[in-house]
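The values are calculated or read from the model by the stated rules, or taken from the named source; none is laboratory data. Note that the structure is a prediction, hence the values are computed from the model and not measured. Because the Cβ atoms are built from the backbone with ideal geometry, glycine has one as well, and the counts that use them run over all protein chains shown. Remember, those area values only see protein heavy atoms, side chains included, never the ligands or the DNA or RNA. Shrake-Rupley method; radii C 1.70, N 1.55, O 1.52, S 1.80 Å.
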Amino acid sequence: MKFKMVHNNINVFNLDRSLEFYDKALGLKEQRRIVPPDGRFIIVYLSDGQSEHNLELTWLRDWEKPYDLGDNEIHLAFTTDDYEGAYELHKKMRCICQEDNGHFYFIEDPDGYWLEILRQKK
């Protein structure tokens, strides 16, 4: 039996703000959207255009406050072929929340989720 990972989901408080962040910070683009007739939620699948794996953002109409992420020990990781350029972009965006020794750093999205940026191995 084989399994294939297809997406990760996170809930977001402000969908437009999150879509803008993920596009600007990581180049993730909307691939498809699910909106039920009653509009109680919106699900948006984002893709990097390279892998089959998607990031699923879920917005809930009746959710009235930012999400409590607890200890937030879960994160997603991304590699980049332009580590220095990505670092400068994220520095300008003021979203870097933790740095290491030049091999990786973390950025924080509008809802407080941490995203790891790794130097691509050659």
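If R0 is taken as 35 Å, the Cβ-Cβ distance between Asp81 and Ile34 corresponds to a FRET efficiency of 0.65. Of Gly70, Gly102, Gly112, the residue with the greatest mean-square motion in the GNM of the chain, using alpha carbon springs below 10 Å, is Gly70. Spin-label pair Ile10-Asp23: with each label point 7 Å from Cα along the Cα-Cβ axis, the two points sit 1.8 nm from one another.
Considering only protein heavy atoms and a 1.4 Å probe, what is the carbon-and-sulfur percentage of the accessible area of the chain?
Working: 4200 of 8470 Å².
Carbon and sulfur: 50 percent of the exposed surface of the chain.
Take the chain with all the other protein chains still there, run a 1.4 Å probe, and you get 69 Å² of accessible area per residue. Label positions at Phe3 and Glu64, each projected 7 Å from the Cα along the C-beta direction, are separated by 3.7 nm.
Under a Cβ-only charge scheme (Lys and Arg +1, Asp and Glu -1), can you give me the dipole magnitude of the chain about the Cα centre, in debye to the nearest 20?
On the way: 16 positive and 23 negative charges, 81 e Å.
Approximately 380 debye in magnitude.
Of the options [x] 46, 18, 7; [y] 25, 18, 14; [z] 31, 17, 15, only one is semi-axes √(5λ) of the Cα gyration tensor in Å as computed from these coordinates, and that is [y].
Work from the charge dipole of the chain (Cβ charges, +1 for Lys and Arg, -1 for Asp and Glu, about the Cα centre) and give the residue of Ile74, Asn54, Trp114 farthest towards its positive end. Selected residue: Asn54.
Working note: Karplus 6.51/-1.76/1.60 with θ = phi - 60° gives segment 58-71 the couplings 10, 10, 10, 4, 8, 7, 10, 9, x, 6, 8, 8, x, 7 Hz, where Gly and Pro are set to x.
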